[in-house]
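First up is the structure itself, then whatever we jot down about it.
The values are calculated or read from the model by the stated rules, or taken from the named source; none is laboratory data. Worth saying up front: this structure is predicted, and the values here are computed from it rather than measured. Cβ placement follows ideal geometry from the backbone for every residue including glycine, while neighbour counts extend to all protein chains displayed. Areas reflect the complete protein model, heavy atoms only, side chains present, ligands, DNA and RNA absent. Shrake-Rupley method; radii C 1.70, N 1.55, O 1.52, S 1.80 Å.
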Amino acid sequence: MLEQHAGLLPHSKTFPNLLVVGWREWVCMPALGIDRIKAKIDTGARTSTLHAFDIEVIKHRGREVVRFKVHPLQRQSRKIIVCQADLYDERIVRSSSGHSSLRPVIMTQLQVGPCFWDIELTLTNRDKMGFRMLIGRQAIRKHLLVHPGKSFILGTRKRKEG
């Protein structure tokens with residue numbers, strides 16, 4: 001059996017530039033001030049999505065900007081991060097339950113382990129869902145190789161002591 005070490009497989013000749021991750025991992029989005037959020041790596045979802053509430057699109061210095069709040073930790077609503085990003089697009093997205101809704105889309109930098117890259121991210125309220133964030137196929141492509149039988153290959157993120 002091949003053992004994995006720090007997100008790399010010994011047989012990485014096939015996919016030498018891809019970081020190996022489990023089906024769920026801790027990730028960061030520094031530009032949004034989110035230094036710790038558990039994400040499901042969802043190969044069934046096309047677009048990535050982030051749990052957001054109090055979403056508003058406003059004009060700021062001649063640009064459309066999205067202001068929103070995030071509860072970054074599952075089953076907790078105490079910690080709130082207030083975020084702001086340029087509105088990149090608005091799209092109709094169909095959820096896994098078949099419900100369609102118009103969602104704002106932003107571009108932001110995602111950090112997974114030691115790697116950083118820009119992703120499109122839709123914003124919607126995911127309070128009732130198991131994960132505050134889904135990382136979809138568009139974000140995974142050319143960056144990640146998903147090991148569906150593993151979780152937290154890149155390690156667990158320790159909470160910052162207060």
Cβ-derived FRET efficiency at R0 30 Å, Ile80 paired with Lys59, nearest 0.05: 0.80
Whole-number percent relative contact order across the chain, with pairs defined as alpha carbons under 8 Å at least 6 apart: 34
Over the range 63-119 - Rg/Rh using Cα atoms and the Kirkwood inverse-distance radius: 1.01
Rounded to the nearest 10 Å², the accessible area of Met107 at probe 1.4 Å: 80
With every protein chain in place, the range 1-152: carbon and sulfur % of accessible area (1.4 Å): 50
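How much of the pair distance distribution for the range 96-135 lies past 17 Å, counting alpha-carbon pairs only, in percent? All intermediate terms of the calculation are to be shown ahead of the outcome.
Details: 327 of 780 pairs.
In whole percent, the long-distance tail amounts to 42.
Please give the per residue accessible area of the range 1-153, computed with a probe of 1.4 Å over protein heavy atoms only, in Å².
On the way: 8790 Å² over 153 residues.
For the range 1-153, the solvent-accessible area averages 57 Å² per residue.
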Helix-only [θ]222 nm of the chain, DSSP H runs n ≥ 4, -39500 (n - 2.57) each, per residue, nearest 500: -500 deg cm²/dmol
Percent of beta bridges antiparallel (DSSP, the chain, rounded to nearest 5): 75
Range of Cα positions in the chain per principal axis (Å), largest first: 53, 38, 33
Asn125 paired with Tyr88, simple spin-label distance in nm, labels 7 Å along Cα-to-beta-carbon: 2.4
Spin-label proximity, Lys69 to the range 80-111 - amide N less than 13 Å from point 7 Å beyond Cα toward beta carbon: 80-83
